[in-house]
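In what follows, a structure is listed as structure tokens, so that the remarks can point back to it.
The values are calculated or read from the model by the stated rules, or taken from the named source; none is laboratory data. These numbers come from a predicted model, not from an experiment. So basically every Cβ, Gly included, is an ideal-geometry build from the backbone, and we count neighbours across all protein chains shown. Calculation scope for accessible area: heavy atoms of the full protein, side chains included, ligands and nucleic acids excluded. Shrake-Rupley method; radii C 1.70, N 1.55, O 1.52, S 1.80 Å.
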Amino acid sequence: MSGSLFATSDLHVSYAENRTVVDRLRPESDDDWLIVAGDVGDLFGDIERTLRLLRERFTSVIWAPGNHELWTHPSDPVTLRGEERYRALVRMCRDNGVLTPEDDYPVWPGADGPVLVVPLFLLYDYSFRVPGVTSKEESLKLAYEAGVVCTDEMLLHPDPYPDRESWCWARLGETRSRLDATDPALRTVLVSHWPLVRRPTDVLWYPQFAQWCGTDRTADWHLRYRAAAAVYGHLHIPRTTHYDGVRFEEVSLGYPREWQRRSSGPAPMRRIMGAR
Ligand SMILES: [Fe+2]
Ligand SMILES: [Fe+2]
């Protein structure tokens, strides 16, 4: 197979400029796959329209949710909250032929494969705290004082869990069981909206934001689960880094005000596997 495994995230299609970028997003060959690592949009209908469009173009589309998909936005006719909203997104993906964290992990069969492509929904648990503090409460207080508060606090409801960290920990438990049962001979591409390790958040403009960006409990997953590459988004700082010898790819498009100031313009997708 001669195609490539591409990845994108943070398409944020509520912005007209981003919809134009998505309209131009095309595979390079009939065998290309596309990973969509969350933050497609805020509204259920926008998320569905975009994933359906991408699935019409790419032979396989693999989605993992971001925080924006999980928001219950006041202008969304779909008023489901928390786990119910996630389950509705998964059903919508299945209706449109898009793979989710709830499906069997597909095997990328390319020349540099095979690798197991693993979309993850893990959320965060406030363990990437402001340095020097010892509790979520203290860390959140500092964020509020600095005026750096993720909108998730208002719109990402954890129902039926008591809080977002409990939902995160439940997801970690379920996901660990599935990953432990995968073929130990197969390498993986781990895909999570939030980075699996904290290091990428070291370059955040507002360091207080890190607490909404992941969990310490996945710090060794790229090694434990044999990652050939780890794909993430959320930070809107697209780049390639290596941790413990493993390639991490932040694949986000980001907001127009972010990509418009880059001389290279918008970079809507990155090649993760496959030859140019
Ligand atoms: Fe985003
Ligand atoms: Fe995000």
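Cβ under 11 Å from GLU84's Cβ, GLU84 left aside: what net charge do those residues give with Lys, Arg +1 and Asp, Glu -1? Residues near GLU84 contribute +2 overall.
Identify the residues of the stretch 144-182 with backbone N under 18 Å of a label point that sits 7 angstrom from the Cα of SER135 along the Cα-to-Cβ direction, or state none. It comes to 144-145, 163-166, nothing else.
All C-alpha pair distances within the stretch 12-140, sorted into 10 Å bins from zero, spread as 11, 37, 31, 16, 5, 0 percent across the bins. The antiparallel fraction among DSSP beta bridges confined to the chain stands at about 30%. Among the protein heavy atoms, those of LEU142 account for about 70 Å² of accessible surface (1.4 Å probe, every chain in place).
If the only charges are +1 at each Lys and Arg Cβ and -1 at each Asp and Glu Cβ, what is the size of the charge dipole of the chain around the Cα centre, to the nearest 20 debye?
Numbers: 33 positive and 40 negative charges, 126 e Å.
So the magnitude is around 600 debye.
The simple spin-label model puts a point 7 Å past each Cα toward its Cβ; for TYR144 and ASP244 those points are separated by 3.6 nm.
How much mean residue ellipticity at 222 nm does the chain get from its helices, if each DSSP H run of length 4 or more adds -39500 (n - 2.57) and you divide by all residues, to the nearest 500 deg cm²/dmol? Walk me through the numbers on the way to the answer.
Working: 9 runs with 80 residues, N = 276.
Theoretical 222 nm ellipticity from helices: -8000 deg cm²/dmol.
At q = 0.10 Å⁻¹ the log10 of I(q)/I(0) for the stretch 97-230 amounts to -0.37, computed by Debye summation with a single uniform scatterer per C-alpha, solvent ignored.
Surface analysis of the chain yields an accessible area of 42 Å² per residue, using protein heavy atoms and a 1.4 Å probe. Were the residues from GLN260 through THR79 laid out at 0.36 nm apart, the gain over their Cα-Cα distance would be 61.9 nm. Within the accessible surface of the stretch 1-136, defined with a 1.4 Å probe on protein heavy atoms only, the carbon and sulfur portion equals 47 percent. Computed over the Cα atoms of the chain, pair by distinct pair, the Kirkwood hydrodynamic radius stands at 18.8 angstrom.
Charge dipole (Cα centre; +1 on Lys/Arg Cβ, -1 on Asp/Glu Cβ; no other charges) of the stretch 75-168 amounts to roughly 60 debye.
Could you tally the net charge around ASP103, taking each other residue with its Cβ under 15 Å from the Cβ of ASP103, Lys/Arg +1 and Asp/Glu -1? Before the final figure, lay out each step's value.
Values: positive: ARG55, ARG87, ARG91, ARG94, ARG178; negative: ASP95, GLU102, ASP104, GLU174.
Net charge in that neighbourhood comes out at +1.
Listed peptides 154-160, 189-195 appear in the order 189-195, 154-160 once ranked by packing, highest mean of other Cβ atoms within 10 Å at the front. With the gyration tensor restricted to C-alpha atoms of the stretch 161-231, the semi-axes of the equivalent ellipsoid amount to 23, 17, 8 Å, longest first.
Backbone amide hydrogens, once placed in the peptide plane, bring TYR243 within less than 5 Å of PHE248, excluding anything fewer than 5 places away on its chain. Sorting TYR161, TYR225 by accessible area puts them as TYR161, TYR225; the probe is 1.4 Å, largest comes first, and only protein heavy atoms count.
Over the stretch 170-276, with every protein chain in place, what whole percent of the accessible area is carbon and sulfur at 1.4 Å, could you tell me?
Numbers: 2430 of 4840 Å².
Answer for the stretch 170-276: carbon and sulfur cover 50 percent of the accessible area.
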